[in-house]
1. For the stretch 6-121, what is the relative contact order in percent, using Cα pairs closer than 8 Å and at least 6 residues apart in sequence?
2. Rank these by accessible area, largest first, 1.4 Å probe: Glu88, Glu6, Glu46.
3. Using all C-alpha to C-alpha distances in the chain, build P(r) with 10 Å bins and read off the rounded percent in each one.
4. For the stretch 35-100, what size does the Cα cloud have along each of its three principal axes, sorted from largest down, in whole Å?
5. Just to be sure I understand the curve: with the Debye formula and one point per C-alpha of the stretch 34-73, what is log10 I(q)/I(0) at q = 0.22, 0.24, 0.25, 0.28 Å⁻¹?
6. Quick one: 3J(HN,Hα) in Hz for the stretch 61-70, Karplus 6.51/-1.76/1.60 with θ = phi - 60°, rounded, Gly and Pro as x.
7. Would you tell me the accessible area of Ser17, worked out with a 1.4 angstrom probe on the heavy atoms of the protein chains, in Å² to the nearest 10?
8. Ignoring ligands, DNA and RNA, please state the percent of accessible area on the chain from carbon and sulfur, probe 1.4 Å.
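The values are calculated or read from the model by the stated rules, or taken from the named source; none is laboratory data. Since the model is a prediction, treat every value here as computed from it, not as a measurement. Surface areas here come from the heavy atoms of the whole protein model, side chains and all, with no ligands, DNA or RNA. Shrake-Rupley method; radii C 1.70, N 1.55, O 1.52, S 1.80 Å.
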Amino acid sequence: QVQLVEAGGGLVQAGGSLRLSCAASGSISSMNGMGWYRQAPGTQRELVASVTRGGTTNYADSVQGRFTISRDDAKNTVYLQMNSLKPEDTAVYYCNADLFTRYTFTSKTYWGQGTQVTVSS
């Protein structure tokens, strides 16, 4: 069984920074793309940032230049460095990963449980 566990959320003032991490564990053989999504109350989940296996990154326009996604494949971990945070960044942040397990020949996307980020004005 594969688990994705997020950490690093919390309460921060506007202009501050947080670093989220998401560690995948279980019978993982290889990781494909990884990403971060967020969902604020009353809204749909939206893509924040993603990184491919080759390291190509993609960002939502609203976070471009403020957030940085990175991955450490040796640790099966993806990070999201969030700088210059704004109140509108307040949401539950979810990580996901598309990966192969040792028991499957096709990849599958897994999700973390979410971590709350609250930015006060």
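1. Relative contact order for the stretch 6-121 comes out at 36 percent.
2. Output order, biggest surface exposure first: Glu88, Glu46, Glu6.
3. The distribution over the chain is 14, 47, 29, 9, 1, given as percents.
4. 34, 23, 18
5. Treating every Cα as an identical point scatterer, log10 I(q)/I(0) equals -0.70, -0.79, -0.84, -0.97.
6. Couplings: 4, 5, 10, 3, x, 10, 10, 9, 9, 8 Hz.
7. Accessible surface of Ser17 is approximately 60 Å².
8. In the chain, the share of accessible area belonging to carbon and sulfur is 48 percent.
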